[in-house]
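The values are calculated or read from the model by the stated rules, or taken from the named source; none is laboratory data. Since the structure is predicted, the reported quantities are computational estimates derived from the model, not experimental observations. Every residue, glycine among them, receives a Cβ derived from its backbone with ideal geometry; neighbour counts consider all protein chains shown. Side chains included, ligands, DNA and RNA excluded: accessible areas come from the protein's heavy atoms. Shrake-Rupley method; radii C 1.70, N 1.55, O 1.52, S 1.80 Å.
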Amino acid sequence: NLDFDCWKKEGHGTINLRGAIANSCNVYFYRLGGILGADLIARYAAEFGFGKPTGIKLYGEAKGLVPTRMWKLITKGESWYEGETLSFAIGHGYLLATPIQLARFISGVANDGILIRPQIVKSTDEKEKSPVSFERLSISKETLKIVKEAMLDVVENEHGTGHNASVAGLEIA
């Protein structure tokens, strides 16, 4: 059994997913990552578009990297260690993502599970607009609702880790 340190010296006590996101509780995600395992985390990361180009029309767009046990064995010639799963669960380790992938991920949450291919807008003229390309994620509406509420709590809840970014009269998630 492993003991983990939290950024909050006294810890968060019993916490659920919404609270873990709002309070940036790595310990919660270490434990969840240990339960899910690296390959299931990788499967969901890939579904949200990580590890592959977004399709935006930018020359040389990087695809990033979503590591798996097999990837490490093939590329590094080494076995995957459980400690690497814990790092992966909080977005560290071998995981590589681009800012465009992160923006697409967040928009997928905000759009109730619809992942839209980003576009570069050259003009607001109707004739110049490209058709919107999207895919629907297989994440439940209930889960997306919890994540959206939690992201709002990060800033809007007085105990959220981003509360200092709140602006009176404006909801920020």
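Here the chain is assigned +1 on the Cβ of each Lys and Arg and -1 on the Cβ of each Asp and Glu. Its dipole about the Cα centre then comes out at about 600 debye.
Within the assembled protein chains, the solvent-accessible surface assigned to S133 is about 50 Å², based on a 1.4 Å probe.
Within the full protein context, the accessible area of W71 is estimated at about 60 Å² for a probe radius of 1.4 Å. Computed over segment 105-168, the alpha-carbon pair-distance distribution with 5 angstrom bins reads 4, 16, 17, 14, 15, 13, 13, 6, 2, 0, each value a whole percent. Measuring with a 1.4 angstrom probe and ignoring ligands and nucleic acids, T68 comes out at about 40 Å² accessible.
Computed from point charges on the beta carbon alone (+1 for Lys and Arg, -1 for Asp and Glu), the dipole magnitude for segment 1-81 about its Cα centre is near 220 Debye. Across q = 0.08, 0.20 Å⁻¹, the chain modelled as identical point scatterers on its alpha-carbon atoms has Debye log10 I(q)/I(0) values of -0.31, -1.43, in the order of the q list.
Could you state the orientation-averaged shadow area of the convex hull built on the Cα atoms of segment 66-152, in nm² to one decimal?
8.3
Straight-line cross-link reach from K9 at under 30 Å between alpha-carbon atoms covers these lysines, not counting any fewer than eight positions away in the same chain: K145, K148. Taking springs between alpha-carbon atoms closer than 10 angstrom, which of G91, G60, G113 fluctuates most in the Gaussian network model of the chain? Among G91, G60, G113, the largest GNM mean-square fluctuation belongs to G60.
Heavy-atom surface analysis with a 1.4 Å probe gives the chain a carbon and sulfur content of 56 percent of its accessible area. Within straight-line reach of K57, meaning a Cα separation under 15 Å, sit the following aspartates and glutamates at least 8 residues removed in sequence or on another chain: E128.
Per residue, how large is the accessible surface of the chain? Use a 1.4 angstrom probe and give square angstrom.
Heavy-atom accessible area per residue stands at 66 Å².
One chain, two ends: K122 and L32. Fully extended at 0.36 nm per residue, the span grows by 28.1 nm beyond their Cα-Cα distance.
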